[in-house]
Every structure is written in structure tokens, then in C-alpha cells.
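The values are calculated or read from the model by the stated rules, or taken from the named source; none is laboratory data. Quick caveat, the model's predicted, so the values are computed rather than measured. As a convention, Cβ positions derive from the backbone with ideal geometry for all residues, glycine included, and neighbour counts pool all protein chains shown. The protein model used for the area step is the full one, side chains on, heavy atoms only, and it has no ligands, DNA or RNA in it. Shrake-Rupley method; radii C 1.70, N 1.55, O 1.52, S 1.80 Å.
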Amino acid sequence: HSTHSNNNKNHNKNHQYEESAHPDHVTYNIMMDIYFRNHKRRHSTEKAVQLISHMEQAYENGYLQHLDKFAYGTVIHLLLKNIHSYQGDVLKNDVNGNSNGNSNSNGNSNGNENENAPLSAAEKAFEIVLNVIDYYENGSIKEHPDTITCNMVLSALAKEYSQDAAEKAMVLLQHMEDMSNAGETSVKADTMSYNHAIVAWVRSGAKEAPSKIIQILDKMRDLESQQHQQRQQHNDTDTDANADSRTGMLYLDTGVFETALHGLSSKENGYRKIAIHVFQRMLDLHIKKHPSVKLTPTALNLAIRAYCLEADRKPNEMAAFDAHRFLFDLVKKYKKGQIDVLPDVVGFNTVLSSWANTNHWKTIDKTEEIYHLMKE
């Protein structure tokens, strides 16, 4: 009886010791920091991702009182730092020494290959940032991802060149908008956020991409108008002097339009028609003296390219005539003082090349018109 009693006491002591030594949030933060500092080491990113999973399990099992933003922020930065070398669930054992269960005894993959396909670094970062948002909304974590972190994930998704990634970018953007509307200003979507979403759709190759891009531009226009009205209520004037210093605010600018034009003007499936529409919006804002929208030779050249390459959808002669009229209309606006920049030699040569691809009887006359206009 005495021996049995002593064994129970020793068991209770050991159990108490094990509980007191369980990793806490500081442990996970230190481990994450070590993985980040050694990001060039093989599988450091994969181990950090597994550690995040273990940290969440510990929280769900009651071993952690709360989750910490630092660990999540570190693993997201690590994923995006090693975006090309990340290999998903390649480790046979996780950081706890447990089998990850992705393969059977014969080394063959179980289940549907597409369902079990490892997520890319961008997709995994997206998954993690959404988890953090969920934990924040249910009170499990005190801080939410900020605009910078979300923009990093949006930028990574834009480099995936897929419709799925573009749709994920829209989901994250919607979360940012919802949280901002709820008063969380540190996660407010800014110009860069929407710019990344536009790039994601441009690169997706999806049929609905043009309409999605117009939808994003419409949203930016509406939000910018709301901001302008709010600033007017506070007697904050919107001038050229302060337009460039509006940090943390959303506004249409030259870069947003050039990003859309660059992708749309070189695509098929009706993208070029949308590019012309986007340029017309840019032109209208410039003529109305929008403080952040300036016409550039690059934007003009891209619009000209969109007109010329419409030959894929209509006869060469029609595309050449349209591009020709557009070019001379730009020159007319320039002479009237409505715009302060002209296409450069690339734009003029693009129209000349468009005529060179036709057999129209007016080709020589039209190309000579352009040549004399260039000399003028």
C-alpha cells in the first residue's frame, strides 16, 4: 500500500511538471523568430507553418490562454520571403515528431491528387491571414492583420496568374473593407490594395476579368468620392500640394490606370475593348484636373496599342482607321490645351505598323499624314 501511494505521488508531481512546462505564446514567438532568422535553411518555412498549426491546436486544447499576432505575422513574412522555395507539406514528420499522414506505407498519395495538392506559399499565406481574422473576430487574438500585411498577401496572390488567386484577392479585399467599415482603420484597403487586385485579375486570363477590373475601378471611384466629401466637411482641401502626402488613403492615380492598361491592352477575349474604356475614364479625370491622375506617354501608347491590336477582332483596315482617328484626336486635344502630353515615337510607330498590316488604298496617304505630324 505504501509503495502504491508513493507511485501516485510521483505521478502527480510529474503530471504537474509537464503541465507547467507546456510551450506558451513566448515559446512559439521565439521559435518563429529562429525560423525567420534562418530562412535560408532547408524547410525552415515548412517547419514554421507546421508550428503555427501546433500552436492553434494547443490553444484549442486549452494549453494557451491566447494567440499572438507576432507568430502569425512572422510566418506570413517567411512564406512570402521564400515564396519560390516553399514546398508545402513535404516533411515526413512535423515539429512534434508526428507523421503528417500525407502518404501511405507504399509511398503513394492517398485520395484525390488535386484535393491533396500542397498550397502555394501565396495560398498558404492567404489561408493563415484569414484564420487570424477569424480568431480576432471571435476574441481569440487581440490584434488583427494590418494593411501592410494584407497588401503583401494580395501582392503574392497577384503573382499566381490564376483565376482562383484573383478570387482569393477579392475575398481578402472584402474582409479589409468590412473590418474598416467596422472601425478598424489600421486594416483599411488603400490604393495599393486595389491595385494588386486589378493585377490579379489582369493576370488571371479569366473571361470575367474585364468586368471585375471595371468593378474595382468603380469601387475606388465611389470610395474616393466619399473620402473627398468627408475631407470637405472637415475643411481639408484636396490640392496638388497635399495629394501626394495622403498616406493611408484611397485614391485613383496614374499608376492604377497604367497597371490596368498594361495588362488589358495586350490581352484577347475583349480585354482590349475594356482597355480603351479604362483609358477614356483616365482621360476624363485628367481633363477634370484630378490631382492624382496625370496622362503619360506610356498611358497614351498603351491605349493606341489597344486600338491597333483590335485587328484580332475586326478587319485590319478598321483597326488602323480607329487608331489613326484616336491619334489625331489626341493631337487635337493637345493643341487645345486639354491634355499636356503626347504619345512618344513608340505610339506613332504603332499606328504606322497598323497601317503596314493592311492593303487599303489609303495606306500611303495615311502613313504620310502621320509622318508629317511627327515632323511637325
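Quick notes on this structure:
- Verdict on SER353 being under 29 Å from the mean Cα position of the chain (by Cα), closer than 25 Å to VAL202 by Cβ, among the small types (Gly, Ala, Ser) and surrounded by fewer than 21 Cβ atoms within 10 Å (Cβ to Cβ): no
- Residue satisfying all of: in region 302-314; open to solvent by 20 Å² or more (accessible area, probe 1.4 Å) and not basic (Lys, Arg); modelled with the lowest pLDDT among these: ASP312
- Sole residue being at pLDDT 95 or above and either of a type in the set (Asp, Glu) or out of contact with any strand residue (DSSP E or B) (no Cβ under 6 Å at 6 or more places or on another chain) (or both), chosen from ILE339, ILE287, ILE364, ILE274: ILE364
Residues checked against (1) open to solvent by 30 Å² or more (accessible area, probe 1.4 Å); (2) assigned to a helix (DSSP H, G or I); (3) at pLDDT 95 or above; (4) basic (Lys, Arg):
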{"residue": "ALA58", "(1), (2), (3), (4)": "no, yes, no, no"}
{"residue": "LEU64", "(1), (2), (3), (4)": "no, no, no, no"}
{"residue": "PHE70", "(1), (2), (3), (4)": "yes, yes, no, no"}
{"residue": "GLY88", "(1), (2), (3), (4)": "no, no, no, no"}
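- Qualifying residue in region 136-150 (condition: surrounded by 20 or more Cβ atoms within 10 Å (Cβ to Cβ), of a type outside the set (A, V, I, L, M) and more than 19 Å from PHE70 (Cα to Cα)): no
- Of all residues making up region 36-63, the number that are in contact (Cβ under 8 Å) with a residue 40 or more places away in the chain, of a type outside the set (Ser, Thr, Tyr) and out of contact with any helix residue (DSSP H, G or I) (no Cβ under 7 Å at 6 or more places or on another chain): 5
- Test for ASN242: is it exposed (fewer than 15 other Cβ atoms within 10 Å of the Cβ), modelled with pLDDT under 90 and not in a loop (DSSP other than H, G, I, E, B): yes
- Search result, residues across region 171-189 that are surrounded by 13 or more Cβ atoms within 10 Å (Cβ to Cβ) and not in a helix (DSSP H, G or I): GLU184, LYS188, ALA189
- Enumeration of residues in region 276-292 that are within 23 Å of ALA323 (Cβ to Cβ) and either free of Cβ contacts under 8 Å to residues at least 60 places away in the same chain or open to solvent by 40 Å² or more (accessible area, probe 1.4 Å) (or both): ILE276, HIS277, PHE279, GLN280, ARG281, MET282, LEU283, ASP284, LEU285, HIS286, ILE287
- Candidate set from region 100-126 (those that are part of a helix (DSSP H, G or I) and open to solvent by 70 Å² or more (accessible area, probe 1.4 Å)); member that is modelled with the highest pLDDT: ASN116
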